[in-house]
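Below: one structure, written as structure tokens.
Each value in this text was obtained by applying a stated rule to the coordinates, not by laboratory testing. If you're wondering where the values come from, they're calculated on a predicted model, not measured in any experiment. Positions of Cβ are generated from backbone atoms using ideal geometry, with glycine treated the same way; all protein chains shown enter the neighbour counts.
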Amino acid sequence: MSYVLVLNSGSSSVKFQLVNPESTATDVPLVSGLVEQVGEPMGAVTVKTGGEEYTEELEIPTHSFGLERAFAIMSEHNVGPTDVEVIAVGHRVVHGGRLFSEPQLITDEIEKMVEDLIPLAPLHNPANLDGIRVARELLPDIPHVGVFDTAFFNHMPPAAALYAINNEVASKYDIRRYGFHGTSHEFVSQQVPKLLDRDPGETHQITLHLGNGASAAAISNGTPIDTSMGLTPLAGLAMGTRSGDIDPGIIFHLSREAGMSIAEIDNLLNKQSGVKGLAGVNDFRILRERINDGDSDAWLAYNIYIHQLRRFIGSYMIALGRVDAITFTAGVGENDTEVRQDSLYNLDMYGIDFDKEANLVRSREPRMISTPESKVKVFVVPTNEELAIAQKSAEVAAAAKQAGLY
Ligand code: ADP
């Protein structure tokens, strides 16, 4: 059995998995784990394998140190990168700018290109790059592959990809709608034609990735024609902690009237807004408890969230002209029955015949939650970004091997 080591490096953490690229979306990976609180006085490395969880608490000065500890713990249980066959290391990279519409075999040149994209994702790309550098040093003989969150949306039509702002400024500063969560939207949307028993080249669909971050995509015949996130992942739907779309004038107003700095406004809109900013919590399980306890802030936050979701669903139905399927995925989309029901409530005149009973079924499998007669079918399809990264990385690694590069 061969595996891909999938790495998702943040500024103070690294999430990792050892995934068999041939597995299914609901299979448990051989190993999953987390290095957290890098650079803090006390950090932790957690490794899950064979149904057990092993945690070590210690100071983790660098990503490199943390990953080495993780590999050592994995080796103690015979699942380290040298104990099993690792055919590739797949790196999640948030921003691929205009440069990358496909996963890339990482070379020094590709590393430099990811570095050049830092201005577009100042919080994410430096951390992703750190992860790439550290992992290439620790595992130099294995092909490393960059999989970009923006890649799926690289060829969106200009009318959807460009903003109505001065075009000289926009082109000088690379301002356009890049879109994010692309790996998830692609992974989920590729399963829908099979569920519909339809040709992927003749399927019009809306995918709703509703996790802590949330985004919607309109996909026509396998190609995205619009998505809700923009230059950054702040745009679009109201999310766990992010505002989603707001009047840009609010930023000027906060600067002038509240004397807030750009960094403070950035923090406000990215970390202290969305459902958390409105109700104090961003986890939908707790939000639901509060609503049931009669908390009016929680109720309002939920209604704003649903209102935004319905706005996007409606506009994408018009953009697509004909819709075969609407699919929910990610933490909220896969689990919150009420979000699914309320976001598609009373839309029978648009061909959506929601099946309330089917919606209540709990499962890890892809499933239909509209009636079989519904013109627009509604699905829940669990996403698995790590598996998608593993599959893409395995393909790129195989091509590199065939070309004699490894
Ligand atoms: P991320 O965007 O961090 O990858 P996920 O896709 O894992 O997030 O989604 C995490 C969110 O999913 C949680 O913050 C929570 O709001 C929601 N969630 C998870 N499980 C449930 C559940 N059983 N019911 C409702 N919401 C859930």
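Taking a ≥ b ≥ c as the square roots of the Cα gyration tensor eigenvalues, with a/c under 1.5 meaning rounded and otherwise prolate when a/b beats b/c, else oblate, which class fits the range 7-142? Because a/c hits 1.5 or more and a/b fails to exceed b/c, the range 7-142 counts as oblate. Legend: P(r) of the range 207-258 from all alpha carbon pair distances, 10 Å bins from 0, whole percents, reading 24, 42, 25, 8, 2.
Listed peptides 86-95, 294-303, 321-330 appear in the order 86-95, 321-330, 294-303 once ranked by packing, highest mean of other Cβ atoms within 10 Å at the front. Shape verdict for the range 251-355, please, from the Cα gyration tensor: rounded (a/c under 1.5), prolate (a/b greater than b/c) or oblate. Since a/c reaches 1.5 but b/c is at least a/b, the shape of the range 251-355 is classed as oblate.
The calculated P(r) of the range 205-297, using every Cα pair and 5 Å bins from 0, goes 3, 13, 19, 19, 16, 13, 10, 5, 1, 0 in percent. Ranking 157, 180, 37 by how far each Cα lies toward the positive end of the dipole of the range 35-181 (charges on Cβ) leaves 157 at the top. Taken about its Cα centre, the chain carries a charge dipole of roughly 980 debye when the Cβ of each Lys and Arg holds +1 and the Cβ of each Asp and Glu holds -1.
In order along the range 335-348, phi translates into HN-Hα couplings of 10, 8, 5, 6, 4, 5, 5, 5, 6, 10, 5, 6, 10, 4 Hz, rounded to whole numbers, per the Karplus curve 6.51 cos²θ - 1.76 cosθ + 1.60 with θ = phi - 60° and x for Gly and Pro.
Each Cα pair of the range 294-406 feeds into the Kirkwood radius, which the Stokes-Einstein equation turns, at 4 °C and 1.567 mPa s, into a diffusion coefficient of 79 µm²/s. In plain terms, if you count all Cα to Cα distances in the range 1-84 and split them into 10 Å steps from zero, the share in each step is 19, 52, 25, 4 percent.
In a shell of Cβ-Cβ distance under 13 Å around residue 28, excluding residue 28 itself, what net charge do Lys and Arg (+1) and Asp and Glu (-1) give? Show your work: numbers first, answer last.
Values: positive: 48, 364; negative: 27, 52, 53, 386.
That works out to -2.
Ordering 66, 86, 118 by Cα displacement along the dipole of the range 1-120 toward the positive end leaves 118 in first place; charges were set at the Cβ atoms of Lys, Arg (+1) and Asp, Glu (-1). With the alpha-carbon atoms of the range 83-195 aligned to their principal axes, the span from lowest to highest coordinate is 54, 40, 20 Å, starting with the largest.
Each residue of the range 145-160 is assigned a 3J(HN,Hα), and the resulting list reads 10, x, 10, 9, 5, 8, 4, 4, 9, 4, 10, 5, x, x, 4, 8 Hz, derived from the Karplus form 6.51 cos²θ - 1.76 cosθ + 1.60 (θ = phi - 60°), x at Gly and Pro.
A simple packing score, the average count of other Cβ atoms within 10 Å per residue, orders the peptides 348-359, 251-262, 218-229 as 218-229, 348-359, 251-262, with the highest score first.
For the chain, DSSP calls about 65 percent of its internal beta bridges antiparallel. A simple charge model with +1 on the Cβ of Lys and Arg, -1 on the Cβ of Asp and Glu and nothing else charged puts the dipole of the range 204-346 at about 220 debye relative to its Cα centre.
Here the Karplus curve 6.51 cos²θ - 1.76 cosθ + 1.60, taken at θ = phi - 60°, turns the phi angles of the range 256-273 into couplings of 6, 8, 9, x, 7, 7, 4, 5, 5, 5, 4, 4, 4, 6, 8, 10, 10, 10 Hz, with x standing for Gly and Pro. For residue 370, the residues 5 or more places off, or on other chains, whose built amide H falls under 5 Å of its own are 355, 378.
So what is the calculated 222 nm ellipticity per residue for the chain, using -39500 (n - 2.57) for each DSSP H run with n of 4 or more, over all residues, to the nearest 500 deg cm²/dmol?
Details: 15 runs with 157 residues, N = 406.
Result for the chain: -11500 deg cm²/dmol, rounded to the nearest 500.
So what's the projected area for the range 316-379, the Cα convex hull averaged over all directions, in nm²? Show your work: numbers first, answer last.
On the way: hull surface 17.0 nm².
Projected area, direction-averaged: 4.2 nm².
With the convex hull of its Cα atoms as the shape, the chain has an orientation-averaged projected area of 21.7 nm².
Using a ≥ b ≥ c from the Cα gyration tensor of the range 129-205 (square roots of the eigenvalues), is it rounded, prolate or oblate, where a/c under 1.5 gives rounded and otherwise the larger of a/b and b/c decides, a/b for prolate? Oblate, because a/c is 1.5 or more while a/b does not exceed b/c. Of the listed pairs 112/271; 356/377; 271/392, which have alpha-carbon separations greater than 25 Å here? Where the Cα-Cα span goes over 25 Å, the pairs concerned are 112/271; 271/392.
How many percent of Cα pairs in the range 350-406 exceed 15 Å? Roughly 64 percent, rounded to a whole number.
By DSSP, the beta bridges lying fully in the range 259-406 are antiparallel in about 40 percent of cases.
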